[in-house]
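What follows is a set of notes on a single structure, which appears directly below.
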Amino acid sequence: MTGLFTRFSKSKIQRRQILALFVALILLLLGTLAFAAATVTVKQIDKAFDKTSISIKAGDTVDFTNADTVAHNIMSRSADPFNLGIMKVGETKSRKFDHAGTFEVVCALHPRMKLSVEVK
Ligand SMILES: [Cu+2]
């Protein structure tokens, strides 16, 4: 009876250890996903951005894809300025946003094209 109890207790402890290890692994995975930087795609179609605004986290990247029939020049004169240069049809250029704030992104060739990027 004592032997059976000991064996039962041992396996229960082992099961708890395996469960604890499993929970730790899941938490680690969730933590990694929560802190992983994301990439958001914004397309240019018909001389416009396919979104008027996006909200991202600091460290995230925006892929600007020219899905239009004309060239574009994505840039920003805001507090975190950048200029991706001329983008040919079908071309994608990326911009990583490291600083929090709201930035207006425009096209130097088409002044009506505007995108608000909120970085949290
Ligand atoms: Cu343009």
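Every read-out reported here was derived from the displayed coordinates using simple, explicitly stated rules and does not represent laboratory data. Only a predicted model underlies this, so the values are computations on that prediction, with no experimental measurement involved. Heads up, the Cβs are rebuilt from the backbone with ideal geometry, glycines too, and the neighbour counts pull from every protein chain shown.
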- Task: Please figure out what share of the DSSP beta bridges in the chain is antiparallel and state it in percent, rounded to the nearest 5.
- Result: 65 percent
- Computed label-point distance, nm, for sites D63 and K93 using a 7 Å Cα→Cβ extension: 1.7 nm
- Task: Between F49, F64, F35, find the one with the highest GNM mean-square fluctuation for the chain; connect C-alpha pairs within less than 10 Å.
- Result: F35
- Item | Equivalent-ellipsoid semi-axes of the chain, from the Cα gyration tensor, Å, largest first | 53, 14, 9
- Item | Pairs of lysines in the chain (C-alpha under 17 Å apart; 8 or more residues apart or interchain) | 14
